[in-house]
Amino acid sequence: MRFPLSLYASMSAYLLKKRINGDEHFPLVLMLEPTHRCNLTCSGCGRIIEYAGTLQQEMSLEECLQSVDEAGSPVVTITGGEPLMYSQVQELVRQVLRRGKHIYFCSNGLLLEESLPLFQPNPRFTWNIHFDGTEPVHDLIIGRKGGFKKVLAGVKAAKRKGFRVSTNTTVYRETDVKDLEKLFAQLAQAGVDGILVAPGFSYEKVTRDVFLTRQEITQKFREIRTWQKRFPLISNPIYLDFLAGHRSLKCTPWGSPTRNVRGWKSPCYLITDTHYPSYRELMTKTDWEHYASGKDPRCAQCMVHCGFEPTVVRKMNGRDLLRMVEWNLHA
């Protein structure tokens with residue numbers, strides 16, 4: 001299976017409860033950024049630029065857990081920055097799992113192998129390790145020679161110890177689809193449980209012209225979409241239809257709220273207009289319809305998974321539901 005059965009059960013029960021209660025705006029995944037410290041300065045990263053003034057700060061463990069409780073989502077993505085640099089990372093993971101949540105731990109993987117003794121394999125815990133391309137491409141983007149080999153060694157070590165491991169690849173204007181094909185073959189051979197692939201977001205603060213227009217995204221993903229039976233892609237098939245230009249989807253900007261050292265980031269993981277001190281204020285004071293409609297010019301080229309995959313989950317029924325079930329079962 002592409003995702004654990006327990007995740008499907010948790011998400012289904014959660015969605016049913018929300019529908020019974022008549023809730024319209026609710027999160028599916030909490031994007032928790034306990035620190036923005038990082039051991040890399042990747043060319044397409046907006047975080048280290050946007051939060052340059054708070055890179056040395058971190059959330060307290062109590063703030064992190066309160067945020068998990070406030071959001072109430074069944075999935076928590078622990079990200080950053082490099083979250084393995086968070087001072088209380090071991091206890092954070094332990095406490096979030098104790099709450100019955102599913103964790104996707106997003107890391108660049110450079111500290112992965114030496115950090116494995118801090119954690120125990122758990123069906124609700126998945127490492128999500130970033131790869132930008134095959135070895136020469138990845139090392140160029142992260143600015144670290146030998147980085148690819150070190151990260152891949154960490155992935156293999158995690159698999160040997162019984163951890164679930166998925167990977168995450170961002171597609172940029174310079175991305176060669178043939179290079180991605182070679183990368184995904186390597187990752188599949190390494191035994192990863194899933195491969196997430198999505199276009200990057202055009203961060204205003206990133207001055208390099210590395211991001212794709214919607215037309216360019218469609219051109220690249222028409223080929224990537226054909227790999228669904230070859231590689232364990234966990235970008236779901238309906239979202240891939242959207243990326244390939246075969247389907248229209250509206251964004252669900254409230255589906256993946258972000259909490260970091262400055263508060264609750266509004267309106268979404270990708271755009272920052274303000275930060276609210278509480279989850280309740282984020283949900284009640286953000287003009288969700290403005291962003292969901294795509295009226296904001298910053299949304300014009302966005303097709304990123306954190307906004308559109310929640311739409312698939314929220315609206316899924318009938319034929320789409322059967323298709324998703326079959327897709328998950330036939331990994």
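The values are calculated or read from the model by the stated rules, or taken from the named source; none is laboratory data. Everything numeric here is computed off the predicted structure, so don't read it as measured data. All Cβ positions, glycine included, derive from the backbone under ideal geometry; neighbour counts span all protein chains shown.
Quick notes
- Filtered by the rule that a residue be buried (at least 16 other Cβ atoms within 10 Å of the Cβ) and either among the basic types (K, R) or in contact with a Ser or Thr (Cβ under 8 Å, 6 or more places away or on another chain) (or both), the stretch 105-132 gives F105, C106, R124, T126, W127, N128, I129, H130, F131, D132.
- Filter result for N236 (touching a residue at least 12 places away in the same chain (Cβ under 8 Å), touching a Lys or Arg at 6+ places or on another chain (Cβ under 7 Å) and under 22 Å from L7 (Cβ atoms)): no
- Any hit, the stretch 248-266, residues being of a type in the set (F, W, Y), touching a Leu at 6+ places or on another chain (Cβ under 6 Å), in contact (Cβ under 8 Å) with a residue 12 or more places away in the chain and within 24 Å of S166 (Cα to Cα): no
- Strands (runs of 3 or more DSSP E) contained in the stretch 205-309 and holding at least 2 residues exposed (fewer than 15 other Cβ atoms within 10 Å of the Cβ): 272-276
Let's see how each residue does on (1) aromatic (F, W, Y); (2) in contact with a His (Cβ under 7 Å, 6 or more places away or on another chain); (3) under 27 Å from L329 (Cβ atoms); (4) modelled with pLDDT under 95:
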{"position": "R173", "(1), (2), (3), (4)": "no, no, no, yes"}
{"position": "L180", "(1), (2), (3), (4)": "no, no, yes, no"}
{"position": "G194", "(1), (2), (3), (4)": "no, no, yes, no"}
{"position": "A198", "(1), (2), (3), (4)": "no, yes, yes, yes"}
{"position": "Y203", "(1), (2), (3), (4)": "yes, no, no, yes"}
{"position": "E216", "(1), (2), (3), (4)": "no, no, no, yes"}
{"position": "R222", "(1), (2), (3), (4)": "no, no, yes, no"}
{"position": "W227", "(1), (2), (3), (4)": "yes, no, yes, no"}
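- Criterion violated by H102 - all others in (1) closer than 22 Å to P27 by Cβ; (2) surrounded by fewer than 22 Cβ atoms within 10 Å (Cβ to Cβ); (3) of a type outside the set (S, T, N, Q) satisfied: (2)
- Candidate set from the stretch 288-320 (those that are touching a Cys at 6+ places or on another chain (Cβ under 7 Å) and hydroxyl-bearing (S, T, Y)); member that is farthest from V29 (Cα to Cα): Y291
- Checking each residue in the stretch 187-204 for being more than 14 Å from I129 (Cα to Cα) and out of contact with any Phe, Trp or Tyr (no Cβ under 9 Å at 6 or more places or on another chain) picks out Q189, E204.
- Restricted to the stretch 165-197, and to residues there that are farther than 15 Å from L112 by Cβ and under 12 Å from the mean Cα position of the chain (by Cα), the residue that is surrounded by the most Cβ atoms within 10 Å (Cβ to Cβ) is V197.
- Residue that is more than 16 Å from the chain's Cα centre (by Cα), crowded, with 18+ Cβ neighbours inside 10 Å and of a type outside the set (G, A, S), where the choices are E63, E70, E82: E70
- Tabulated pairs, the stretch 169-190, first over 26 Å from K159 (Cα atoms), second of a type in the set (V, I, T) and surrounded by fewer than 22 Cβ atoms within 10 Å (Cβ to Cβ), C-beta under 7 angstrom, 6+ apart or interchain: Y172/V210; R173/V210; E174/V210
- Positions within the stretch 55-75 being at pLDDT 95 or above and either of a type in the set (S, T, N, Q) or closer than 14 Å to R280 by Cα (or both), in sequence order: S60, Q66, S67, V68, D69, E70, A71, G72, S73
- Considering residues of the stretch 26-42 that are buried (at least 16 other Cβ atoms within 10 Å of the Cβ) and at pLDDT below 95 only, the residue farthest from L97 (Cα to Cα): C42
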